[in-house]
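Student: Next up is a structure, given as structure tokens.
The values are calculated or read from the model by the stated rules, or taken from the named source; none is laboratory data. Given the structure is predicted, the values throughout are model-derived calculations rather than measurements. Using ideal geometry, Cβ is built from the backbone for each residue, glycine included, and neighbour counts are taken over all protein chains shown. When the accessible area is computed, the model is the full protein with side chains, heavy atoms only, and any ligands, DNA or RNA have been set aside. Shrake-Rupley method; radii C 1.70, N 1.55, O 1.52, S 1.80 Å.
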Amino acid sequence: MSSSTTPILKDELDIVIPTIRNLDFLEQWRPFFQQYHLIIIQDGDPSKVIKVPEGFDYELYNRNDINRILGTKASCISFKDSACRCFGFAVSKKKYIFTIDDDCFVAKDPTGKEIDALQQHIKNLQTPSTPFFFNTLYDPYREGADFVRGYPFSLREGVQTAVSHGLWLNIPDYDAPTQLVKPLERNTRYVDAVLTIPKGTLFPMCAMNLAFNRELIGPALYFGLMGDGQPIGRYDDMWAGWCMKVVSDHLGLGVKTGLPYIWHNKASNPFVNLKKEYKGLYWQEELIPFFQSVSLSKESTTVQKCYIELSKKVKAKLGLVDDYFNKLADAMVTWIEVWDELNPSEEKSVTLPNCLAK
């Protein structure tokens, strides 16, 4: 990308990166990221100096900054866990967010061409989703595709896309038990497809390659209480994804998965991961049925109202599973307070379609 070319959405998109290390990985992303604004969330020791390659436009927040800005409400932002990235979502003032992990690099498609992951996410977000009826040619808005015979004309307009969930080549995003039994497995399959995840269907959201429309769904992208002082880790993006999908389904918004791919370069330690995940591995057998069955009222017409209602249901139902979920439900409320304080004019009501209103 030449410096004379203005990239798409340059002034409407922030790139959020959580990290504990120097950001040398940005050198490979320079042709694609350099003209965008970065929000770097430094986790761990705030006295450590994080080095950012020259030429990038960025702001950096460490734990001291988070405590200073949020005061007592900083308790809702995780420490020593990549869940801290959601602070960057709240302080951003842009319409779109792309978040990526610092062990992710530029992938190549089957022809050997480098993939501009950010531009594919933008395409996904700027074209509609089709959550109410599955199209067997996948994304009908891509070049060379359309709605197939039998697809209802009344649904071909689609709905606004809230989230674009990208995938990864090389190191798969596996849980610890799977890592242990398949230590050498690598993902080499490049599937040239983008799909809308149907209404009522949950999915395991991975935040290492994720973009979303902050104005449509931002407050629902809270990554929970993980890491230091918490009984669980590595479920931050799972929790955010389940909550976001329930809210998106209720408000008639779309979620896409598939392209773009990035190259995931570093396999985390499965024994460390198991220690973080072990409660989640059995809790999820109760969490997922909860999210599959939970419903929101027709009075919840904004993301914030949906999220507050969902927090009450979390406390009532999941609080019986473990007291941790009572604490998490309270943090969900605090998160919405933080969001509204940092973004005082962003709460927008929507009119629920007749097929969605309960």
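Student: Name the pairs: first residue in the range 162-189 and of a type in the set (S, T, N, Q), second residue in a helix (DSSP H, G or I), Cβ to Cβ under 6 Å, at least 6 apart or on different chains?
Tutor: Close Cβ pairs (under 6 Å, with a partner that is in a helix (DSSP H, G or I)) amount to S164/H121; S164/N124; S164/L125; Q179/P270.
Student: Turning to a different aspect of this structure: Tell me, yes or no, whether the range 90-103 has at least one residue that is over 19 Å from V163 (Cα atoms) and either touching a Gly at 6+ places or on another chain (Cβ under 9 Å) or not basic (K, R) (or both).
Tutor: yes
Student: Go through the range 194-219 residue by residue and tally those that are open to solvent by 10 Å² or more (accessible area, probe 1.4 Å), outside any strand (DSSP E or B) and among the β-branched types (V, I, T).
Tutor: Selection size over the range 194-219: 2.
Student: Also: Given the condition open to solvent by 40 Å² or more (accessible area, probe 1.4 Å) and touching an Asp or Glu at 6+ places or on another chain (Cβ under 8 Å), answer yes or no: does some residue in the range 136-150 qualify?
Tutor: Checked against the condition, which is being open to solvent by 40 Å² or more (accessible area, probe 1.4 Å) and touching an Asp or Glu at 6+ places or on another chain (Cβ under 8 Å), the range 136-150 yields at least one hit.
Student: With the condition kept exactly as written, say whether any residue in the range 328-349 is part of a loop (DSSP other than H, G, I, E, B), at pLDDT 95 or above and within 23 Å of the chain's Cα centre (by Cα).
Tutor: yes
Student: Something else now. When you go through (1) closer than 29 Å to T127 by Cβ; (2) hydroxyl-bearing (S, T, Y); (3) out of contact with any Ser or Thr (no Cβ under 9 Å at 6 or more places or on another chain) one by one for S297, which number turns out not to apply?
Tutor: Of everything listed in (1) closer than 29 Å to T127 by Cβ; (2) hydroxyl-bearing (S, T, Y); (3) out of contact with any Ser or Thr (no Cβ under 9 Å at 6 or more places or on another chain), S297 misses just condition (1).
Student: When you go through S311, S300, S293 one by one, which is the residue that is at pLDDT 95 or above, open to solvent by less than 30 Å² (accessible area, probe 1.4 Å), farther than 15 Å from Y222 by Cβ and not aliphatic (A, V, I, L, M)?
Tutor: S300
Student: Taking interchain pairs and intrachain pairs at least six residues apart, which have beta carbon atoms under 6 angstrom, with the first residue in the range 69-89 and over 15 Å from D102 (Cα atoms) and modelled with pLDDT of 95 or more and the second open to solvent by 50 Å² or more (accessible area, probe 1.4 Å) and polar (S, T, N, Q)?
Tutor: Matching pairs, first to second residue: A74/N67.
Student: Out of the range 279-299, which residues are in a helix (DSSP H, G or I) and free of Cβ contacts under 8 Å to residues at least 40 places away in the same chain?
Tutor: If the condition is that a residue be in a helix (DSSP H, G or I) and free of Cβ contacts under 8 Å to residues at least 40 places away in the same chain, then Y282, E285, E286, P289, F290, S293 are the ones that fit.
Student: Return the total of residues in the range 25-59 being touching a Ser or Thr at 6+ places or on another chain (Cβ under 9 Å) and open to solvent by 40 Å² or more (accessible area, probe 1.4 Å).
Tutor: Looking only at that region, the number is 2.
Student: Any chance the range 238-248 includes a residue that's open to solvent by 10 Å² or more (accessible area, probe 1.4 Å), in contact with a Gly (Cβ under 9 Å, 6 or more places away or on another chain), assigned to a helix (DSSP H, G or I) and within 26 Å of W29 (Cβ to Cβ)?
Tutor: The answer is yes; a qualifying residue exists.
Student: If you don't mind, there's one more thing I want to ask. So which pairs qualify, if the first residue must be in the range 127-156 and free of Cβ contacts under 8 Å to residues at least 12 places away in the same chain, the second must be open to solvent by less than 60 Å² (accessible area, probe 1.4 Å) and in a loop (DSSP other than H, G, I, E, B), the Cβ gap must be under 9 Å, and the two must be at least 6 apart or on different chains?
Tutor: Listed pairs, sorted by first residue: L137/A145; L137/F147; L137/V148; A145/N135; A145/D139; D146/N135; D146/P140; F153/F147.
Student: Might you let me know whether the range 264-271 holds any residue that is open to solvent by 40 Å² or more (accessible area, probe 1.4 Å), assigned to a helix (DSSP H, G or I) and either in contact with a strand residue (DSSP E or B) (Cβ under 7 Å, 6 or more places away or on another chain) or not polar (S, T, N, Q) (or both)?
Tutor: Yes: one or more hits.
Student: Quick check on the range 301-320: of everything there that is more than 22 Å from the chain's Cα centre (by Cα) and small (G, A, S), which residue is nearest to S349 (Cα to Cα)?
Tutor: By that ranking, first place goes to A316.
Student: Also: Does the range 98-114 include one or more residues that are crowded, with 21+ Cβ neighbours inside 10 Å, in a helix (DSSP H, G or I) and at pLDDT 95 or above?
Tutor: No, the range 98-114 has no match at all.
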